[in-house]
Amino acid sequence: LLYLHMWDFTTPVEEVMRGIHDLVSAGKVNYFAFSDTPGWIVTYAIALAERHGWPRPVAVQLPYSLLGRDPETDYFPMAETFDLSLLTWGMLSGGTLTGKYNKENDEPKRSSSASEKELQAASRVVAIAKELGCSPSQLAIAWVRQRSSRIIPILGVRTVDQIRDNLGVLEITIPDELMSTMDEISGFTPGFPRRFLTRTQIRDLVFGSTFDLLDNHRDPFGDAVE
């Protein structure tokens, strides 16, 4: 799997896709994916691939965590529509969700500090993890895994103990009520156009009283919001 890493907004998409086609045709690459690339570029690349018979991306790699849920607005529905996997990194928000910024300690830290909102979120994660009998890291990663069946977490560890702890997430299932509690921790609100188009008022304008009668397998957003 070859990642095209960090879009430069300079190289034409057509040129990149022709290059990928040459690599796959030469047998040097089996699959490719985009990493840290805007969704509209990924979508355009897929359209070019389908138009010209070129290889299609199989995944997108992106940061996603309880404290960073922006990908839910566009990347998640894009992945559902175009059958892409989601390779998530930064699931512990630089270690904030482990709770290590909430107290004095000698653990290595990626940032010099965390905001008050992030510290409060970490404190709640620590409390819920204690309730479930797991570590805060395991809880944060488990939450990510349960957000979508398309997600493949990318673990970032420094020690053997950390990798053992992270792999313990395979034994954890967060109950629905606690998933809802964790969803609320971030205070995340989807931006435009998702929040606008999924409002009950807007759906009523578009569909009248028929929306609830539809079984729409193309709808990536799910339930409406008020």
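The values are calculated or read from the model by the stated rules, or taken from the named source; none is laboratory data. Source: prediction; values computed, not measured. We place every Cβ from the backbone using ideal geometry, glycine too, and count neighbours over all the protein chains shown. For the accessible areas, the whole protein counts, side chains as well, though only heavy atoms, and no ligand, DNA or RNA atoms are used. Shrake-Rupley method; radii C 1.70, N 1.55, O 1.52, S 1.80 Å.
Data table
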read-out	value
Of all residues making up the stretch 20-34, the number that are touching a helix residue (DSSP H, G or I) at 6+ places or on another chain (Cβ under 8 Å) and outside any loop (DSSP other than H, G, I, E, B)	3
Residue check, Ser65 closer than 22 Å to Arg195 by Cα, surrounded by 14 or more Cβ atoms within 10 Å (Cβ to Cβ), modelled with pLDDT under 95 and touching a strand residue (DSSP E or B) at 6+ places or on another chain (Cβ under 9 Å)	no
Residue identified as open to solvent by 50 Å² or more (accessible area, probe 1.4 Å) and either out of contact with any Gly (no Cβ under 9 Å at 6 or more places or on another chain) or modelled with pLDDT of 85 or more (or both) among Gly187, Gly191, Gly168	Gly187
Restricting the stretch 150-171 to residues that are in contact with a Leu (Cβ under 7 Å, 6 or more places away or on another chain) and assigned to a loop (DSSP other than H, G, I, E, B), the residue that is nearest to Trp89 (Cα to Cα)	Ile154
Criterion: within 18 Å of Phe76 (Cβ to Cβ), part of a loop (DSSP other than H, G, I, E, B) and either open to solvent by 30 Å² or more (accessible area, probe 1.4 Å) or without any contact (Cβ under 8 Å) to a residue 40 or more places away in the chain (or both) - qualifying residue of Thr37, Thr11	Thr37
Qualifying residue in the stretch 70-82 (condition: in contact with a Ser or Thr (Cβ under 7 Å, 6 or more places away or on another chain), part of a loop (DSSP other than H, G, I, E, B) and open to solvent by 10 Å² or more (accessible area, probe 1.4 Å))	no
Among the residues listed as Met91, Met17, the single one being in a loop (DSSP other than H, G, I, E, B) and open to solvent by less than 70 Å² (accessible area, probe 1.4 Å)	Met91
Positions within the stretch 101-143 being modelled with pLDDT under 90, open to solvent by less than 60 Å² (accessible area, probe 1.4 Å) and either in contact with a Gly (Cβ under 7 Å, 6 or more places away or on another chain) or of a type outside the set (A, V, I, L, M, F, W, C) (or both), in sequence order	Tyr101, Asn105, Ser111, Ser115
